[in-house]
Amino acid sequence: MIADTVLCNAKVYTKRGIVQAGIAIEGDKIAKISKETNLPPACNRVNLDGCLALPGMIDSHVHLRGQLLSSREDFSTGTSAAVAGGITTVLDMPNNKPVTKDSTSLKERILHAERSIVANVGFLSAFPERLQEIEHIVRAGAVAFKVYLTDDVGGLDIDDDELMSKALLKTSAYGVPVAVHAEDGQAIHALTKREQRLGHKNLDAYLKVHSPKVETKAVKRILSIANQSNSQIHICHITSLDAVSLVKRARTDGLSVSCEITPHHLFLTLADLRKHGTRALTDPPLRSNRIVEHLWDAVRKHDIDIIASDHAPHTRAGKEAESIWDVSPGIPGLETLLPLFLTKVNEGHLALKNLIRMTSERPAEVFHLQNEGHLEVGYKANITVVDLHKTGQIEASRFHSKAKYSPFDHIQVKGLPAKTFVNGQLVMDNGEVVARRGIGRVLRSKARK
Ligand code: DOR
Ligand code: ZN
Ligand code: ZN
């Protein structure tokens, strides 16, 4: 056998621990992991300089934008940002223009993506108006559905519990998960109206509206609906401690439920929001010191399944407005996630094993991404190579994303992605994206059909 590529001089993160080994790649798969002397000859040898080879990072919450929102981000810049940040697979959110909410809009989005992606991309769809369309969306390849409990992003009336229950029942029949932006829409609208009537348009008014309470309320509601339909629920960007407890209890009660947290909700607090202003505005907003400390505890206790960036790029103009109600919430996060958490690993505040569980293993399990999440023979050759000892500084002006701002700008980090391999190909080398556009693949649901 002659392998296509052999990665040598590496430390390889495997289920059995970190081993001094090399990796042989054939096509887009891992063919062998073993001592270098036992590896086959290869057309191409890549020296990893003693760096650590990790299972490809999967970011399960990304807004790639594109189409009519290409001024904020497009498939090429978004996936370039991903691989620059050491991320090999991203899951795209449906709140685009046009919204992904039926098989036609999904197919259109996939066509746009296939031409330009340099990372693998799976698509989430919003719910359609007609529930029969759910089947067509799954057949067209959606890996999951996304429901925004704040607004009617898709075609489903989110205030109608019965309809929601029927929609969830359908997704469970196909074995497809449902990701949820959990903030209670009715509460948000009533509170926003009240604040606006009072003429309040600053950060404090926004924080009053988007409180942990409205998050807890939404989580309670969706879990109770899911309970009747036996569907698989994934709570996005959790920031309420009560919501974390609810998820934990529901899981103990046998519900198939998972939750995710973002880097910004762990690394930043209300004080940072006040310091950075609208640049750090995101929805749900940053939380108090006390909450953030407890969220870290939940991470360390494995109560939270996934770390995802919620990469939500906006134009500079979108981030600046006189009234808080006109500011677009969202922070770009693809290029900062890994350096931030590797720094925590280096500081001894987070076990590497826990980080890989949350950025690779659990996302693959939760979203049913086959042959991803581990470095094993037969698995996809999606590999994130990191230099744990390298120090650097976050430089938003050098982001591959179109959104060149970040509340993490200029902070010092230790631990950086050094190389990224997608489908067996080197796509990022020492910060430079070296991929041919279109090298990424669209992941399709392996749902029961
Ligand atoms: O901060 C956010 N930005 N929260 C959301 O739910 C949407 C997202 C976006 O699309 O910009
Ligand atoms: Zn959201
Ligand atoms: Zn989001």
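At 1.4 Å probe size, with the rest of the protein present, what percent of the exposed accessible area of the chain is carbon and sulfur atoms? Intermediate values should be presented prior to the final figure.
Working: 8330 of 17530 Å².
With neighbouring chains kept in place, the figure for the chain is 48 percent.
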Ranked packing of 426-433, 321-328, 232-239, most packed first, by mean Cβ within 10 Å: 232-239, 426-433, 321-328
Based on the Kirkwood radius over alpha-carbon pairs, what value in µm²/s does the Stokes-Einstein equation return for the translational diffusion coefficient of the stretch 30-157 at 25 °C and 0.890 mPa s? 149 µm²/s
Accessible area, probe 1.4 Å, largest first, for residues His189, His61: His189, His61
Probe 1.4 Å, heavy atoms of protein chains only: per residue, the accessible area of the chain in Å² is 39 Å²
For the stretch 1-38 and the stretch 90-149, what is the separation of their C-alpha centers, rounded to whole Å? 35 Å
Violations at 24 Å Cα threshold for listed pairs Lys380/Lys446; Lys319/Lys414; Lys107/Lys220 -> Lys319/Lys414; Lys107/Lys220
Sorted largest first, the Cα spans of the chain on the principal axes come out in Å as 71, 49, 42
Quick calc of log₁₀ I(q)/I(0), the stretch 251-342, Debye, one scatterer on every Cα, no solvent, q values 0.14, 0.20 1/Å, result -0.56, -1.00
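For the stretch 349-448, what is the convex hull volume of the alpha-carbon atoms per residue, in Å³? Before the final figure, lay out each step's value.
Details: hull volume 14.9 nm³, N = 100.
So the per-residue Cα hull volume is 149 Å³.
Peptides 220-226, 53-59, 71-77: what's the order by average Cβ count within 10 Å, highest mean first? Walk me through the intermediate numbers first.
Details: 220-226: 19.7, 53-59: 28.1, 71-77: 22.4.
Sorting 220-226, 53-59, 71-77 by mean packing, highest first, produces 53-59, 71-77, 220-226.
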Within straight-line cross-link reach of Lys29, aspartates and glutamates at Cα separation under 15 Å, skipping those fewer than 8 residues along the same chain: Asp4, Glu372, Glu376
Considering the Cα trace of the stretch 174-222, what is its radius of gyration and what is Dmax, both in angstroms? 13.4, 47
Roughly how much of Asp152 is accessible, in Å² to the nearest 10, using a 1.4 Å probe? 90 Å²
For Met358, Met1, give the ranking by accessible area with the largest first, probe 1.4 Å. Met1, Met358
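Give me the net charge of Leu131's neighbourhood, meaning all other residues with Cβ under 10 Å from the Cβ of Leu131; Lys, Arg count +1, Asp, Glu -1.
Working: positive: Arg130, Lys166, Lys170; negative: Glu129, Glu133, Glu135.
Neighbour charge sum, excluding Leu131 itself: 0.
Divide the volume of the convex hull of the Cα atoms of the stretch 211-292 by its number of residues and quote the answer in cubic angstrom per residue. Mind dumping the intermediate values first?
Numbers: hull volume 6.8 nm³, N = 82.
Expressed per residue, the convex hull around the Cα atoms of the stretch 211-292 is 83 Å³.
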R0 = 25 Å: FRET efficiency of His189 with Arg316, Cβ-based, nearest 0.05? 0.35
Short version: what are the Cα gyration tensor semi-axes of the stretch 195-331, square root of 5 times each eigenvalue, largest first, in whole Å? 28, 16, 14
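Send over the per residue convex hull volume for the stretch 30-92, Cα only, as a whole number of Å³. The partial results should precede the final answer.
Working: hull volume 8.0 nm³, N = 63.
With only Cα atoms used, the stretch 30-92 gives 128 Å³ per residue.
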Could you tell me how far the Cα centroid of the stretch 41-61 sits from the Cα centroid of the stretch 352-407, in Å? 11 Å
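Just add up the charged neighbours of Leu52: K/R +1, D/E -1, any other residue whose Cβ is under 13 Å from the Cβ of Leu52. Walk me through the numbers before you get to the answer.
Numbers: positive: Lys11, Lys353, Lys390, Lys419; negative: Asp49, Asp387.
It works out to a net charge of +2.
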Just need the relative contact order of the chain here, percent rounded to a whole number, with Cα pairs under 8 Å and 6+ apart. 22 percent
Gained length - Asn371 relative to His410, 0.36 nm times residue gap less alpha-carbon distance: 10.4 nm
Once the other residues with Cβ under 12 Å from the Cβ of Leu241 are scored (Lys, Arg +1; Asp, Glu -1), what is the net sum? -1
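The values are calculated or read from the model by the stated rules, or taken from the named source; none is laboratory data. Keep in mind the model is a prediction, meaning the values are calculated, not measured. Cβ: placed from backbone, ideal geometry, glycine included. Neighbour counts: every protein chain shown. Surface areas here come from the heavy atoms of the whole protein model, side chains and all, with no ligands, DNA or RNA. Shrake-Rupley method; radii C 1.70, N 1.55, O 1.52, S 1.80 Å.
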